[in-house]
Every structure is written in C-alpha cells, then in structure tokens.
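Below is one structure, written out as structure tokens, with a few remarks after it.
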Amino acid sequence: LAFHARHVPTISLENYLQRILKYCPTTNEVFLSILVYFERMSVLSRNTTGKEFIIDSYNVHRLVIAGITVASKFFSDIFYTNSRYAKVGGLPQAELNQLELQFLLLNDFDLAITDEEMETY
C-alpha cells in the first residue's frame, strides 16, 4: 500500500522514464535491474503471503522511482541524492525515503543480479 497513489499520475510512464533519464542519467543496467526486482517482489509476495503483487497505473510510477533510486546506489559509483530523485520523481523526499525502504524490504534486501539474470531481461 505504500506505493499506491490516490490518483493515477497524469504523466505517462514513458515520459516519466524519460524525465528520470534526463535529470538523473544512469546506465541501462539500472533500468533493466528494476524489472528483475519487480519479478522478485512478485515471487516473494506469492511465496510469503500467497497473494500476487500487482503493478498497476496507481503504483508503477512510485515503484519505478524507488527502484531507480535503489538500483543506482547499488550499481553505480556515482548516484544522486534522494532529494534529487524525489524532486525529479515528483515526491516529497520523506515519502521517497519511505518508498526506498519498502522497496528494499519487498526485495528482501537482495539486490545482487547475476549476469545470466541480466541477460535474460
């Protein structure tokens, strides 16, 4: 529920990703890694609660900015501050901080991705 927005954001997901890339440039590895993390979140949710983790238009933008924040810190030697990611993502910094922690919890703090996993995506 931490990722669920009250309203669907007016910016399309494609434009949101382009905005993030423009103001917080990062590698393709970071963008690909969030797909791995999303799948892991789904599997972990199904295995621990028996419920599906649904990604929809109410939560995808928050999941993306939290995922990029986490993945950038994990994969890159140089990354931006949470205040910058929050500003670019259109969120208060305190909310992004909370989403970052929830994202890590939903991935069981397992951020390492093998080369084989990365190639699959």
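Magnitude of the Cβ-charge dipole of the chain, K/R +1 and D/E -1, about the Cα centre, nearest 20 debye?
Around 680 debye, computed over the chain.
Which FRET efficiency value, to the nearest 0.05, is calculated for Leu17 and Ser83 with the Förster distance at 30 angstrom and r the Cβ-Cβ distance?
The value I calculate is 0.90.
Set the Förster distance to 30 Å, then compute FRET efficiency between Ser42 and Gln93 from the Cβ-Cβ distance, nearest 0.05. Could the numbers behind the result be given before it?
Working: r = 28 Å, r/R0 = 0.92.
With R0 = 30 Å, the Cβ-Cβ based efficiency is 0.60.
When log10 I(q)/I(0) by the Debye sum over Cα atoms at q = 0.09, 0.14, 0.15, 0.19 Å⁻¹ is calculated directly from the model, which label among [x] -0.31, -0.73, -0.82, -1.08; [y] -0.22, -0.56, -0.65, -1.07; [z] -0.34, -0.72, -0.79, -1.06 fits?
Computing log10 I(q)/I(0) by the Debye sum over Cα atoms at q = 0.09, 0.14, 0.15, 0.19 Å⁻¹ and matching it to [x] -0.31, -0.73, -0.82, -1.08; [y] -0.22, -0.56, -0.65, -1.07; [z] -0.34, -0.72, -0.79, -1.06 gives [y].
Give me a comma-separated list of calculated 3J(HN,Hα) values for the stretch 53-60, in order, Karplus coefficients 6.51, -1.76, 1.60 applied at θ = phi - 60°, integers in Hz, x for any Gly or Pro.
These are the phi-based 3J(HN,Hα) values: 8, 9, 9, 9, 5, 7, 10, 5 Hz.
I need the trypsin sites (Lys or Arg not before Pro) found in the stretch 43-105, filtered to DSSP loop residues with at most 11 other beta carbons within 10 Å of theirs.
Details: sites: Arg46, Lys51, Arg62, Lys73, Arg84, Lys87; in loops: Lys51.
Listed in order of number, the matching sites are Lys51.
How many nm is it between the label spots at Glu52 and Ala5, if each spot is 7 Å from the Cα in line with the beta carbon?
Here the answer is 2.2 nm between the modelled labels.
Sequence gap at least 6, Cα distance under 8 Å: using those rules, report the relative contact order of the chain to the nearest whole percent.
37
Determine the per residue accessible area of the chain with all protein chains present and a 1.4 angstrom probe, expressed in square angstrom.
Using a 1.4 Å probe on heavy atoms only, each residue of the chain averages 60 Å².
Which distance in nm do the two modelled labels at Leu35 and Ala112 give, with both placed 7 Å along the Cα-to-Cβ direction?
About 2.3 nm, to one decimal.
Roughly speaking, to the nearest percent, how much of the chain's 1.4 Å accessible area is carbon and sulfur?
55
The values are calculated or read from the model by the stated rules, or taken from the named source; none is laboratory data. Because the structure is a prediction, the values reported are computed rather than measured. Positions of Cβ are generated from backbone atoms using ideal geometry, with glycine treated the same way; all protein chains shown enter the neighbour counts. Note: areas computed on protein heavy atoms with side chains; ligands, DNA, RNA excluded. Shrake-Rupley method; radii C 1.70, N 1.55, O 1.52, S 1.80 Å.
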